[in-house]
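J.: Have a look at the structure that comes next, please.
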Amino acid sequence: MKIVIIGGTGLIGTKVGRLLQAGGHQVVAAAPSTGVNTLTGEGLADALDGADVVVDVSNSPSFENDAVLSFFETSTRNLLAAESAAGVGHHVALSIVGADRIPDSGYMRAKVAQEHLIEAGPVPYTIVRATQFIEFVAAIADGATQGDGVHLPPALMQPIASDDVAAALADAAVERPVGGTYDIAGPERFGQDEFVRRYLAAEQDGRQVVTDPQARYFGALLAETSLVPLGDARLGKISMADWLATR
């Protein structure tokens, strides 16, 4: 198949592309740097010509509330219209577990808006919701640092390695559209405070994690299960220890 990856030059997109190419598929890595811009529409028609599947793993360059909402709405509308015109048979999108349970996060609201556009759109689809990437742990720690302390809630996480995310998306791309959403998650579940504490210990980072139920996650107050699957999920294979050992 010809499979176009929107955001195909990024962390996840690059890995998905390698897996699909290894499976014998023709892969187009679409991004502004390769002449494809989903905000302006530049290069979209040419990239999608003859495409069977589109995998959207693009991300907003700005996380400011209005900017991120504008990005996902504009990009998704343009992409779905171009796919419909090109006869694309399957739209696969990466979203976030718990996006609809954290309404005080502008980023999560934007991802929910993206999902709604896909669900109402003209192209058969699969939405894959992933838990927090393990690779984002350093950013979580830095964002929560106050002096020598890292203030984090004990809200549960089930972090997933980017390799497992890429494998799940590559599988979704070659399967039939599900016309719905399913969750993927890492094999282990622990508190966000413990997640970062393990990382800092492995890095021999002297910052101390302070467990604070009122600490916010990039501005959002979390309930215990805000960021983990509430039902069945497809589980990755890479544990945090595995990931730390191969860094």
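J.: Could you calculate the contour length gain from Asp142 to Tyr182, that is, 0.36 nm times the residue separation minus the distance between their Cα atoms, to one decimal place in nm?
T.: Using 0.36 nm per residue and subtracting the Cα-Cα distance, I get 11.4 nm.
J.: Also, quick follow-up: Roughly how much of Arg197 is accessible, in Å² to the nearest 10, using a 1.4 Å probe?
T.: 90 Å²
J.: Next up: In sequence order, what are the phi-derived ³J(HN,Hα) couplings for region 52-65 according to the Karplus relation 6.51 cos²θ - 1.76 cosθ + 1.60 with θ = phi - 60°, rounded to whole Hz, with x for glycine and proline?
T.: Once rounded to whole Hz, the list reads 8, 9, 10, 10, 9, 10, 5, 9, 6, x, 10, 9, 4, 3.
J.: Under a 1.4 angstrom probe, counting protein chains only, how are Phe72, Phe133 ranked by accessible area, largest first?
T.: Descending accessible area places them as Phe133, Phe72.
J.: Can you list residues from other chains, or at least 5 along the same chain, whose modelled amide H is less than 5 Å from the amide H of Thr38?
T.: none
J.: Send over a whole-number figure in Å² for the accessible area per residue of region 68-159, probe 1.4 Å.
T.: Details: 3090 Å² over 92 residues.
On a per-residue basis, 34 Å².
J.: Name the lysines eligible as straight-distance cross-link partners of Lys2: C-alpha to C-alpha under 27 Å, and not fewer than 8 places from it in the same chain.
T.: Filter leaves Lys15, Lys111.
J.: Another question about this same structure. Out of residues 5 or more away from Phe133 or on other chains, whose amide H comes under 5 Å of its own, with H placed 1.01 Å from N in the peptide plane?
T.: It is Ile160, by chain and number.
J.: Before anything else, pin down the relative contact order of the chain: Cα pairs under 8 Å, at least 6 apart, normalised by residue count, whole percent.
T.: Once normalised by length, the contact order is 19 percent.
J.: Could I ask something else about it? Roughly how many Å is it from the Cα centre of region 111-187 to that of region 67-104, as a whole number?
T.: 14 Å
J.: Also: Which of the GluC sites (Glu not before Pro) across region 109-182 are loop residues per DSSP, with 16 or fewer other Cβ within 10 Å?
T.: Listed in order of number, the matching sites are Glu175.
J.: Then there is this: Residue by residue, what Karplus-based ³J(HN,Hα) values in Hz, rounded to whole numbers, does region 217-229 have, using 6.51, -1.76 and 1.60 with θ = phi - 60° and x for Gly and Pro?
T.: For region 217-229, the Karplus curve yields 9, 6, x, 9, 7, 9, 7, 4, 10, 4, 10, 10, x Hz.
J.: Here's a follow-up. What translational diffusion coefficient, to the nearest whole µm²/s, does region 75-139 have by Stokes-Einstein, given a Kirkwood radius computed over alpha-carbon pairs, a temperature of 10 °C and 1.306 mPa s viscosity? Please report the intermediate quantities before stating the final value.
T.: Details: Rh = 12.9 Å.
D = 123 µm²/s.
The values are calculated or read from the model by the stated rules, or taken from the named source; none is laboratory data. Keep in mind the model is a prediction, meaning the values are calculated, not measured. Here Cβ is always computed from backbone atoms with ideal geometry, including for glycine, and neighbour counts include all displayed protein chains. Note: accessible area is taken over every heavy atom of the protein model, side chains too, but ligands, DNA and RNA are not part of it. Shrake-Rupley method; radii C 1.70, N 1.55, O 1.52, S 1.80 Å.
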